[in-house]
Amino acid sequence: MATLTKTGPRALVRASGGPRYAVALAVDALGTGLLRPFLLLYGVTVLKLSAPVTGLAMTAGVVAGLVCMPAVGHWLDRGARSTVVAASMLVRVLGVALLLATPAGHAGLFATAALFLGIGNQAWPAAHAALVATVARGRERDTALAAGRALRNAALGVGALLAMVCLAGGTTALRALAAVTGVAYLAAAALAGSVRLRAHPAADGPAEGEGPAPRMRALLAANVVYVFCLNVPEIALPLILVTQLDASPVWSAAVFVTNTVLVVTLQVPVTVALSRFPRRTVLAFAGAVLAVSYLGFLGAASLGPGWGAPAVAAVSVVCTLGEIVYAGSATALVTVLAPARVLGRTLARFELSTGLGLAVSPAVITALAPHGPAALWGSLAAATLVSASAVAAEKGPETR
């Protein structure tokens, strides 16, 4: 398999679904960046709910959103592509509308709004991956998926920065942010729906090979552990920096910004550079890099206040590189393993494992952290190494 080294911007946009779809992704991510980091704050300050109640409602929304994934997979396997993407955006419009309509003190309506937001957030990745897999083939598909992630991270970052600027306006500004988010989701849904892309799995046959739907048991189980890396910059590192190393919150912000910048700038180049290797090998390598970074955090935390914070920030670069390698290979591997007739259901199962990992990782991280750096980072390193070994050992048809 030749590596994809000369994909220009136009070819990349084409492989990602076209210009209108690229704009839809950017607008959708911008809206998500405006609201998602401050949804908890909205519940506490605007709706006057307690922090535990708000957090529980948000968690319930995410978990309940996972229940919709089998239906999303079946819908995709009937040939729908841009329609499912647009629907994942429209359901979030409903969530924002409910959020704006929720009176102060009504936890039930807030939980319902969080449910619709959770359904949209869970359904979107599988629908997007299925759309790109229909437009692009081979390593061009891998690069297009990587480009979509880079674009989304950039827009999420811009949205979060705009939201931070607006927070000085208090509850009025938070309501305005929610309203703008709803408009952004609506515009993105209209753009995505206008692409009008469908697939014909029954006529196309297998995407990259033949046979029944892959079980991917080791891959799915490993993915639950792998996705912990996505919450390390947002949850684990701020927790360690502030509570154990007595570092300024500025260090946590610096780590988060660095992570975003690295993903935006390196996701595509790293994915292209590693395209000469089998995707399964690359995914196993990602686990090794992540495990090394976790051991690096263990060593950095042992330095204590003073040198500990800059050491953690330096090691976070290695962790982000592992995240980039993981993100560039995991979904791409799944799209290659799945025959076209069950691509939607296979992607839905994979995103279900991703959602499960994202849902449980905050609880696991916060439970392990009080027991010391060795309990947290040692456990994560060991689990990730076991997962990487399982991915490498699992039998599968994908060779390149």
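Would you mind giving the average projected area, over all directions, of the Cα convex hull of segment 258-307 in nm² with one decimal?
4.4 nm²
Where the Cα atoms of segment 213-272 are projected onto their three principal axes, how long is each span, largest first, in whole Å?
Projected onto the principal axes, the Cα atoms of segment 213-272 cover 49, 28, 11 Å.
Can you give the FRET efficiency for residue 100 and residue 374, using 1/(1 + (r/R0)^6), R0 = 51 Å, r = Cβ-Cβ distance, to the nearest 0.05?
0.65
Report in % the part of the accessible area of the chain that belongs to carbon and sulfur, leaving out ligands and nucleic acids; probe 1.4 Å.
Taking all protein chains in place, the chain shows 71 percent carbon and sulfur surface.
If I ignore ligands, DNA and RNA and count only protein heavy atoms, how much of residue 74 is accessible to a 1.4 Å probe, in Å² to the nearest 10?
Approximately 100 Å² of residue 74 is accessible to the 1.4 Å probe.
Once the convex hull of the C-alpha atoms of segment 127-274 is built, how many Å³ does it hold per residue, rounded to a whole number?
Taking the convex hull of the Cα positions in segment 127-274, it is 168 Å³ per residue.
Grab the Cα-Cα distance for residue 60 and residue 393, subtract it from 0.36 nm times how many residues apart they are, and report the gain in nm with one decimal.
So the extension gain works out to 116.4 nm.
For segment 264-277, take each phi angle, set θ = phi - 60°, evaluate the Karplus expression 6.51 cos²θ - 1.76 cosθ + 1.60, and give the result in whole Hz per residue in order, putting x for glycine and proline.
Going residue by residue, I get 5, 8, 10, 4, 6, x, 5, 4, 5, 4, 8, 5, 7, 10 Hz, with x marking Gly and Pro.
Using only alpha carbon positions, build the gyration tensor of segment 348-392, then give the equivalent ellipsoid semi-axes as the square roots of 5 times its eigenvalues, largest first, whole angstrom.
Rounded to whole Å, the semi-axes are 22, 16, 4.
Please report Rg over Rh for segment 222-360, where both radii come from the alpha carbon positions and Rh follows the Kirkwood definition.
That ratio equals 1.03.
Around residue 18, which amide H atoms from residues at least 5 apart in sequence, or from another chain, sit under 5 Å from its own amide H, with H modelled in the peptide plane?
It is none; the list stays empty.
Calculate for the chain the 222 nm mean residue ellipticity that helices alone would give, adding -39,500 (n - 2.57) per DSSP H run of length 4 or more and normalising by residue count, nearest 500 deg cm²/dmol.
It comes out at -25000 deg cm²/dmol, rounded to the nearest 500.
In whole Hz, with x marking every Gly and Pro, tabulate ³J(HN,Hα) for segment 288-304 from phi via Karplus 6.51 cos²θ - 1.76 cosθ + 1.60, θ = phi - 60°.
5, 5, 4, 4, 4, 5, 5, 5, x, 5, 4, x, 5, 5, 5, 6, x
Considering just Cα atoms, how many Å³ per residue does the convex hull of segment 79-169 enclose?
Per residue, the Cα convex hull of segment 79-169 comes to 97 Å³.
Treating the Cα atoms of segment 52-132 as identical point scatterers in vacuum, please give the log10 of the normalised Debye intensity I(q)/I(0) at q = 0.14, 0.22 Å⁻¹, two decimals.
-0.46, -0.91
Would you work out the Kirkwood radius for the chain? I mean one over the mean of 1/r across all pairs of different Cα atoms, in Å.
21.4 Å
What residues qualify as long-range amide H neighbours of residue 80, i.e. H under 5 Å apart, gap of 5 or more or another chain, H built at 1.01 Å from N?
Here the answer is 199, since their amide H atoms fall under 5 Å of that of residue 80.
What are the ³J(HN,Hα) values, in whole Hz, obtained from phi via the Karplus relation 6.51 cos²θ - 1.76 cosθ + 1.60 with θ = phi - 60°, for each residue of segment 37-42 in sequence order, with x given for Gly and Pro?
Values, residue by residue: x, 10, 5, 4, 5, 4 Hz.
Roughly how much of residue 140 is accessible, in Å² to the nearest 10, using a 1.4 Å probe?
Using a 1.4 Å probe on the heavy atoms, I get roughly 70 Å².
The values are calculated or read from the model by the stated rules, or taken from the named source; none is laboratory data. Here the structure is a predicted model, which is why all the values come from computation and not from measurement. Quick reminder, even Gly has a Cβ in these numbers, built from the backbone with ideal geometry, and neighbours come from all protein chains shown. What goes into the accessible areas is simple: the full protein's heavy atoms, side chains included, and nothing from ligands, DNA or RNA. Shrake-Rupley method; radii C 1.70, N 1.55, O 1.52, S 1.80 Å.
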